[in-house]
Structures are given as structure tokens and as C-alpha cells.
């Protein structure tokens, strides 16, 4: 299945910003693109906040942080 950019963005918003979805609730092929989107478009504070609020796991946080370009 092809990854659709609009869905990637929407999944990232729902997971990292609102916490209305989790990585287990989205198709597996979107996991890396969503983490890449978050790493590129969200601040470190937003990513850390997602972890603090329980929207993402520590492993998902670490995987996202590995993709952050300094």
C-alpha cells in the first residue's frame, strides 16, 4: 500500500499533538514516515510533551529523536 502524505501529516497530528491515535492504531507502513514528519516539523518540546502525556512510548520517542536533524 502506498503512503499518502496527507495521511502521514494527519496521523502525526493525531499522535503527537492531540493523542487521539497511537502507532498501534495506524497501518505499520506509516510508522516511520509519521516519525520522520514529527522529527522534521515539530519542536523538541512538542515531541517531549507527547511522551510526557503518554501519547507516545519511550521507544517511539527515542526513534523519533534519532530522526531529528540538529
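The values are calculated or read from the model by the stated rules, or taken from the named source; none is laboratory data. Bear in mind the structure is a predicted one, so any value in this text is a computation, not a measurement. A quick note on method: Cβ atoms are made from the backbone with ideal geometry, for glycine too, and the neighbour counts reach across all protein chains shown.
Tabulated data
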{"read-out": "Any hit, region 3-11, residues being assigned to a loop (DSSP other than H, G, I, E, B) and touching a residue at least 24 places away in the same chain (Cβ under 8 Å)", "value": "yes"}
{"read-out": "Flag for residue 26 being at pLDDT 95 or above, more than 10 Å from the chain's Cα centre (by Cα) and surrounded by 17 or more Cβ atoms within 10 Å (Cβ to Cβ)", "value": "yes"}
{"read-out": "Selection count where residues are over 22 Å from residue 3 (Cβ atoms), without any contact (Cβ under 8 Å) to a residue 12 or more places away in the chain and assigned to a loop (DSSP other than H, G, I, E, B), scope region 19-62", "value": "1"}
